[in-house]
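Below is one structure, written out as structure tokens; comments come after it.
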Amino acid sequence: MRLLSALAASVAVLLAAPALAAPVYTLTDIGDLPGGFNSSVARGLNNLGQVVGESSTTNALGQTVNRGFLWSNGVMTNLGDLPGGGDTSIARGINDSGQIVGQSSTNVNGTTVTRGFLWQNGTMTMLGDLPGGLDNSVAFAINNAGQIAGSSIAEVGTRAVTFQNGTLTNLGDLPGGGDSSNGVAINSSDVVAGASAAATGQRATTFQNGTITNLGDLPGGVDSSAALGINDAGAVVGRGFHANNAAHAFLWINGVMTDLGDFAGGLDGSIGYDINNSGRVVGSSHDSTGNTAAMWMDSQMFKLSSLVSNLGTWTLTEAFALNDKGQIVGYGNLNGATRAFMLTPDVADGQPVGVPEPAALALFGLGIAGLALRRRTNFTFDDRDNP
């Protein structure tokens, strides 16, 4: 009985504990490939701190092109592109084995098309596409088992797909819609998150073992939502539309979709791109200065620029991804140029400062309702947003 009382008292203390302070980050300029327009965007990273994205550079003919990159330990590597296309590629995801996925232009039957790729050990391999379509596909994410989530144009519409060991699987779409879906994120249980056209609009969805789950949308707004990130517990983030018909970031857990709000003072809009296994969410929102990178943790919303110790002349525009060490990547503006960045949290006792404990995680989202809501007139999303 004493043991039970002690446990109950401990739980009460945990639940009563104040929210932990936000971490302080150190910013790393990822740089860019030589010869281009001094521009780069970081789109993904793994738990080793390796970063992927795209950068402008120069091809063999001296033309400025866009190429996918791998950044590791301060060195940026040009991943190249598939042969025969338009000298363009984008790297979108990387797992802890260093396997990278994305998209590249290439040539199929004399036509320049876009195909998903898998890059590993210095070699870029073209992934397939669904039969009957336009020879186009995109690979968005890869988990540590090597399962890839993406989309492909089919005979009718676009479909969410998975690629693994040479097998392309059509994940289908919700009934009654416009024959369209996409898959943009995947967790360790091979659950794919994305979006599908439904009878009354686009819906955030998950795909697992042949089952498509409609995650719904935010109440009162336009019938539209899209899932953009998922963690290993199945928590999903993305964007929906609230009662003012403005796009807002959401967090979906166990059937409940929570509006994460937006910053005060700007156009009404926010979006959540990724969530890690600590429940921390990254994305962006609009404030009085324009679009700005954001983080949500422990029922609080933060401007990432306010948490960086060496911000200098940077402005941080979008935060696209984060890992389980709390490192965050995205892009911002440095002296007029678009540049990829990585934020690394200060570390105490081997853990990022401010990572919520389980009791604090249980409170995530409860303070969101008090965030100010204003009407949105314009807000731009990453291209994962629509199938």
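Points to keep in mind about this one:
- Within this structure, ILE212 fails the test of being over 16 Å from the mean Cα position of the chain (by Cα), farther than 23 Å from GLY150 by Cβ and of a type outside the set (Phe, Trp, Tyr).
- Screening the candidates LEU168, LEU174, LEU134 for the property of being under 27 Å from ARG203 (Cβ atoms), surrounded by fewer than 21 Cβ atoms within 10 Å (Cβ to Cβ), modelled with pLDDT under 95 and of a type outside the set (S, T, N, Q) yields one hit, LEU134.
- Qualifying residues in segment 68-122 (those that are of a type in the set (Phe, Trp, Tyr) and under 18 Å from SER137 (Cβ atoms)) - the one surrounded by the fewest Cβ atoms within 10 Å (Cβ to Cβ): TRP119
- Test for GLY49: is it in a loop (DSSP other than H, G, I, E, B), surrounded by fewer than 20 Cβ atoms within 10 Å (Cβ to Cβ), modelled with pLDDT under 95 and touching a strand residue (DSSP E or B) at 6+ places or on another chain (Cβ under 9 Å): no
- Among the residues making up segment 63-86, those that are over 14 Å from GLY53 (Cα atoms) and part of a loop (DSSP other than H, G, I, E, B) are GLN63, ASN73, GLY74, LEU82, PRO83, GLY84, GLY85, GLY86.
- In segment 223-268, of all residues being under 18 Å from the mean Cα position of the chain (by Cα), part of a loop (DSSP other than H, G, I, E, B) and acidic (Asp, Glu), the one that is nearest to SER188 (Cα to Cα) corresponds to ASP232.
- Restricting segment 197-208 to residues that are under 25 Å from ASN95 (Cβ atoms) and touching a Ser or Thr at 6+ places or on another chain (Cβ under 6 Å), the residue that is surrounded by the fewest Cβ atoms within 10 Å (Cβ to Cβ): THR206
- From the options ALA204, ALA249, ALA197, ALA264, residue that is in contact with a strand residue (DSSP E or B) (Cβ under 9 Å, 6 or more places away or on another chain), in contact (Cβ under 8 Å) with a residue 60 or more places away in the chain and within 21 Å of MET295 (Cβ to Cβ): ALA264
- When each of HIS242, HIS248 is tested for being out of contact with any Pro (no Cβ under 7 Å at 6 or more places or on another chain), crowded, with 24+ Cβ neighbours inside 10 Å and not hydrophobic (A, V, I, L, M, F, W, C), the lone residue that passes is HIS248.
- Residue match in segment 164-186 (condition: hydrophobic (A, V, I, L, M, F, W, C), part of a loop (DSSP other than H, G, I, E, B) and without any contact (Cβ under 8 Å) to a residue 40 or more places away in the chain): no
- Flag for ASP232 being surrounded by fewer than 19 Cβ atoms within 10 Å (Cβ to Cβ) and touching a Ser or Thr at 6+ places or on another chain (Cβ under 7 Å): yes
- The single residue among GLY266, GLY336, GLY255, GLY326 that is touching a Gly at 6+ places or on another chain (Cβ under 9 Å), surrounded by fewer than 18 Cβ atoms within 10 Å (Cβ to Cβ) and either modelled with pLDDT of 95 or more or not acidic (Asp, Glu) (or both) turns out to be GLY255.
- Selection of segment 50-68 for residues being within 17 Å of the chain's Cα centre (by Cα) and over 12 Å from ASP87 (Cβ atoms) yields GLN50, VAL51, VAL52, GLY53, GLU54.
- Residues being buried (at least 24 other Cβ atoms within 10 Å of the Cβ) and assigned to a strand (DSSP E or B) - total across segment 269-294: 15
- Qualifying residue in segment 137-145 (condition: buried (at least 16 other Cβ atoms within 10 Å of the Cβ), at pLDDT 95 or above, more than 21 Å from the chain's Cα centre (by Cα) and in a strand (DSSP E or B)): no
The values are calculated or read from the model by the stated rules, or taken from the named source; none is laboratory data. Bear in mind the structure is a predicted one, so any value in this text is a computation, not a measurement. Here the Cβ is made from the backbone with ideal geometry for all residues, glycine too, and neighbour counts use every protein chain on show.
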